[in-house]
Every structure is written in structure tokens, then in C-alpha cells.
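Let me begin by presenting the structure, written as C-alpha cells, before commenting on it.
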Amino acid sequence: MTITIIGSGYVGTTFAAILSNCGYKVYALDINPKIIESLKNKKAHFFEVGLNDFVKKGIESGNLIPTTSYKDSIANSDVVFSCVGTPDNPDGSSNLTYVFDSALEAAKYAKEGLIYVQKSTVPVGTGKRVLEKVKKANPNLLIHYISNPEFLREGSAVFDTFLTDRVVVGGEHKQSIKTVLDIHKKVSEYATKIDFSLYEEFANVFSDKIQNIDEKIKDIKYLSTSLESAELIKVTANAFLALKISFANSVAKLAQKFDADVNEVMDGVGSDARIGRSFLYAGLGWGGGCFPKDVSGLISLFEQNNIQNPIMDAAVSENHSMAAYLIGLMENELGSLKNKKIAILGLAFKSGTSDCRRSPSINLANELIKKGAVVSAFDPKANSEAMEYIDSEVKVKDSAEDLLKNIDSVVIATEWPEFKEYDWKNLLGEISTKTIFDARNILDKQKLQKIGYKYVGIGK
Ligand code: UDX
């Protein structure tokens, strides 16, 4: 079976690399020649834990073929996965230009009976619109359209591709649904046969999670649904997770007032199996390439259909409040921030990725500049991607050592595990106010207090 993956972003590159390692012949198709050049050189154009080893093996085996040509790839393919970007429009609605354009371009070269699978996150109803457009442009072409939303997270994209909670496949054509489900089953079966010691970077980070993977994959749920249900499942899941985080953040503010510890509170709350502990970690709020745009897309879909949905509006405004909330905590401790030398650890929107799209850390850095603070920052992986979004007044440093010198205070803004390992005892002398703001609640409060720090977390 030959497969084309349209779009070599986080989802497309990961899926293409892994499918090619499973033995499929896979074209990774992207209109950006730089991205394709990078793949030909055996590297993704972004950082994702462990991914490059799979890209390298895919290219070296000849199974992974990066290309900018629709003709060369689509004409030879039995199945196409569309993994193109769906950014938001200025009004919050989803911009489907790439979804429609790539489907129309692919249809020009499609074989009769091609299975066209939408992995991009799209509003419910998009599949029907794609099919209408394709039919209008190619009245005699028969393709089977399937929705197969992707749930992988950046930072654990490879692992999530092997072991997901569920695979959702929606559409009308039963055989095509089965084909797409079978591709996913093959990926997870392949995961049980891998010698992970050959994939060192991946194995180091995910050593615990890949234990007994053969047993764990038995729990994957394979759901076959209608086209529209599949489309709605994806955005609803992301919106609900964003809602959980915003809820935890608002409770954190209350916990802080009463000297409760939001982590302890959420450990207790999340132990209720009906609620669950995940996505109840308070911090600077949610960012990245998915939650913000998926939530605004869902809100605008509710609006377009005249259905009231104040819950998601509240989740968004809670999220927007977090930078100002932290700055308030900082002003309480440090007084005016004007000319205060503040170091920010972490610029990526979360750990495990170099992605800085809508990063709460960068938003914080930019807001601190507006307050007149002298801001410097360092991220282990995201320094260069941060440049696109960060205020030019923020001094981005090459190392933590450079950053944590002669400053007034420090903020942990992304939850990179290595920040926990720093020699905080020795660093105390470099921080004039001895105050540390742990905006991701990852450090040990008691330990830092013992060393002599004033510790301020979010809700603890
Ligand atoms: C998300 C979904 O989880 C994934 O299923 C979907 O395919 C794409 O969107 P991702 O954007 O990679 O994945 O990040 P995720 O791990 O979900 O985190 C999103 C944001 O929420 C990050 O900014 C993260 O720091 C924040 N977060 C997450 C919290 O603040 N608290 C939490 O408890 C969990």
C-alpha cells in the first residue's frame, strides 16, 4: 500500500516517519521546499523527542519519500492523509484554505477509489464541504472521504502515535473505514516489535511508558463513527481539556489566598475516577498550535449556529488572565517591576517541544517588557523559534548559566525537567531578591525555602 501524507508539520511528519518505519511506502508531501529539503537530509524542521531517528531510518530504507510534487505522490497512492494546517482567522473561526486547496490539488491526480483521510482538525461539517468542492471540480471522480482526527501531543508525538487512548475513524464507506483502522492497528503492533534501544533519545524519555507496551496496546479503543461525529469528537476533546486547565487555574487563585496547595487539591479531586488527575495542573495557562485555535473555532461554530456556550468564553478569559495574575504576584513580592532584572526559564509553550506558537511564556516575557522590566530568557530547545514572537527587547541567552547571573528574580515559565536539576543553592547568590516564581509548579517548595528562597508558585 502506498500512502501520501499531505503537510509535513508536527502531525504529518510524525505520522509519515512512523508509517514508513512500519513498512509502508510513504510520500511526505509539502509545498514548502525548505521543509522537504530538511526531511531529505533526515531531519524534521522542528524539535520533537525521538522523531529524527524515525525520519532517518525511514529515509535510509527508501520507504519515506519527501516531495513537493502532488503528481508524483498522489497519482501513486491508495490512501492520502491530509495533515495540513488549519490556522484561525482574525475572527476566531477556522481558516480552511489549506484543507480545501490541498484536497482540490490532490483530486487532480487521484486514482479512482482513493481513500482521502482528513487528519487536520476541522470544524464539523467540513468533510461534506470538501467532497462537494472535489465533486464540482471532478464530476467523474470517486473518492472515499474519511475523518480520522489526530490526538497526539507535541513533546510525546512519537509515543502517542504508537499508543493512543483511541483511534476515531468516521465516514460512510465501510471498507475505507476498515482500511484506515487497520493502518493504525499495524502502527501499534509494530511498536511491540521495535528494539527501542536503537532509538536512544526516544527510549531515554519514554522508558517507563514503553514498558509492557504489548499489554497496553490491547486497551486502545478503535471507534468507527459517522463523518460528522468524528469531526466533532476532536474539537470537543481539545475544548474540554482546555476547560479543565482553566478550571484548575481559577481554583489555584483561591488556593493561593488561603495557603492551600493547588497540587494537593487536584491530587484529591483528580483521584475521583470520574474526574481524573490529568490536565488539572495549574500554571501559566494553555497555549500552542492547537488549544487556542480549536477553542476559538468551536466558539465561533456555536455563534454561527446561535447556540449559547458561555463556558468556553469563560475558559478563554480565565486563560488570558494568567499572565496578569502572575505579574500581580510578582508586584506583590518585588514592588514595581520597572528596571527589575527578570530572568525567564523556558519559552516553548510546553516542555518537550521547540514550538512557541501562542506560548504563555513568551506572552509573559512581552508583558513584563511593557511593565518596564529588564527581561532575559533561555529555553533549552526553543530559543530560535521564539524569535518570531518575542519582543525584541527580551535578551535571549544561549545557556541557563548565562541567564542566571546578576538578576533580581527568576520565573520558571515552561516545565522543562532539567530546571529541577539546577544547582539552586549555588544560584541563590546571583538573585538579589532571593525570590523565585515557579509558574509551572515544578520545583520543590520546601527544599527551596530551606535553602533561603522566597518561593511563589501558582496556587501554592
Ligand atoms: C493538544 C491535545 O492534547 C492533543 O490531543 C491534540 O492532538 C493537540 O492539542 P498539545 O497542543 O501538543 O496537544 O499540548 P498539550 O499537552 O495538550 O498541552 C496544551 C497546553 O496546556 C500547554 O500549553 C500546556 O502547558 C497546558 N497544560 C496542559 C496545562 O497548563 N496544564 C495541564 O494540566 C495540561
What does the accessible area per residue of the chain come to in Å², with a 1.4 Å probe and no ligands, DNA or RNA counted? 45 Å²
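State the percent of C-alpha pairs, over all pairs in segment 296-346, separated by a distance greater than 13 angstrom.
69 percent
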What distance in nm separates the simple spin-label points at Asn76 and Glu215, each placed 7 Å from Cα in the Cβ direction? 4.3 nm
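Around Glu388, what is the net charge, scoring Lys/Arg as +1 and Asp/Glu as -1 over all other residues with Cβ under 14 Å from its Cβ?
Numbers: positive: Arg357, Arg358; negative: Asp355, Asp379, Glu385, Asp391.
Around Glu388, the charge tally is -2.
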Once the piece of chain linking Phe196 and Phe100 is laid out straight, how much longer is it, given 0.36 nm per residue of separation minus the C-alpha distance between them? 30.7 nm
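Can you give the net charge of the other residues whose Cβ lies under 14 Å from the Cβ of Gly125, counting K and R as +1 and D and E as -1? Mind showing how you got there, number by number?
Numbers: positive: Lys128, Arg129, Lys133, Lys234; negative: Glu132, Glu228, Glu231.
So the surrounding residues net to +1.
Of Thr68, Thr433, which has the most accessible area with a 1.4 Å probe, and how do the rest follow in descending order? If you can, show how the numbers build up before the last one.
Values: Thr68 70, Thr433 50 Å².
The most accessible residue leads, giving Thr68, Thr433.
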Students often forget the sequence filter, so: which aspartates and glutamates lie under 20 Å Cα-Cα from Lys340 once same-chain residues fewer than 8 apart are removed? Glu331, Glu367, Asp391, Glu393, Glu401, Asp402, Asp408, Glu430, Asp438
Note the full-extension length gain between Met1 and Thr236 as 0.36 nm times their separation in residues minus their Cα-Cα distance, in nm to one decimal. 81.4 nm
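Could you list the trypsin sites (Lys or Arg not before Pro) in segment 278-387 that lie in coil according to DSSP, counting only those with at most 14 other Cβ atoms within 10 Å of their Cβ? Numbers along the way, then the final one.
Values: sites: Lys293, Lys338, Lys340, Lys341, Lys350, Arg357, Arg358, Lys370, Lys371, Lys381; in loops: Lys338, Lys340, Lys350, Arg357, Arg358, Lys371, Lys381.
Taking segment 278-387 and a limit of 14 other Cβ atoms within 10 Å, the loop trypsin sites (Lys or Arg not before Pro) found are Lys338.
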In straight Cα distance, which lysines are under 16 Å from Lys257, not counting same-chain residues fewer than 8 positions off? Lys460
Share of the chain's accessible area from carbon and sulfur, percent, 1.4 Å? 51 percent
Mind grabbing the base-10 log of I(q)/I(0) for the chain at q = 0.07, 0.08 Å⁻¹? Debye formula, identical points on the C-alpha positions, no solvent, two decimal places. -0.39, -0.50
If you filter segment 47-121 for GluC sites (Glu not before Pro), then keep DSSP loop positions with at most 13 other Cβ within 10 Å, what is left? Glu112
Quarter of the surface of the C-alpha convex hull for segment 296-421, i.e. direction-averaged projected area in nm², equals 8.9 nm²
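Are there GluC sites (Glu not before Pro) in segment 324-412 that DSSP marks as loop and that have at most 12 other Cβ atoms within 10 Å, and which are they?
Numbers: sites: Glu331, Glu333, Glu367, Glu385, Glu388, Glu393, Glu401; in loops: Glu388, Glu393.
Passing both the DSSP loop test and the Cβ count: Glu388.
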Roughly what % of DSSP beta bridges within the chain run antiparallel, to the nearest 5? 10 percent
Packing-based ranking, highest mean first, of 160-170, 250-260 given that Cβ atoms within 10 Å are counted: 160-170, 250-260
Per-peptide average of other Cβ atoms within 10 Å, ordering 306-316, 271-281 highest first: 306-316, 271-281
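What is the sum of charges around Tyr98, taking Lys and Arg as +1, Asp and Glu as -1, for the other residues whose C-beta is under 12 Å from the C-beta of Tyr98? It would help to have the intermediate numbers written out before the result.
Values: positive: none; negative: Asp30, Asp101, Glu105.
Residues near Tyr98 contribute -3 overall.
How big, in percent, is the set of alpha carbon pairs in segment 30-88 lying more than 20 Å apart? If you can, show how the numbers build up before the last one.
Working: 541 of 1711 pairs.
Summing the P(r) of segment 30-88 above 20 Å gives 32 percent of all pairs.
The values are calculated or read from the model by the stated rules, or taken from the named source; none is laboratory data. Because the structure is predicted, anything quoted here is derived from the model rather than measured. All Cβ positions, even for glycine, are placed from backbone atoms using ideal geometry, and neighbour counts span all protein chains on display. Ligands, DNA and RNA are stripped out before the accessible areas are found, and what is left, the full protein with its side chains, is counted by its heavy atoms. Shrake-Rupley method; radii C 1.70, N 1.55, O 1.52, S 1.80 Å.
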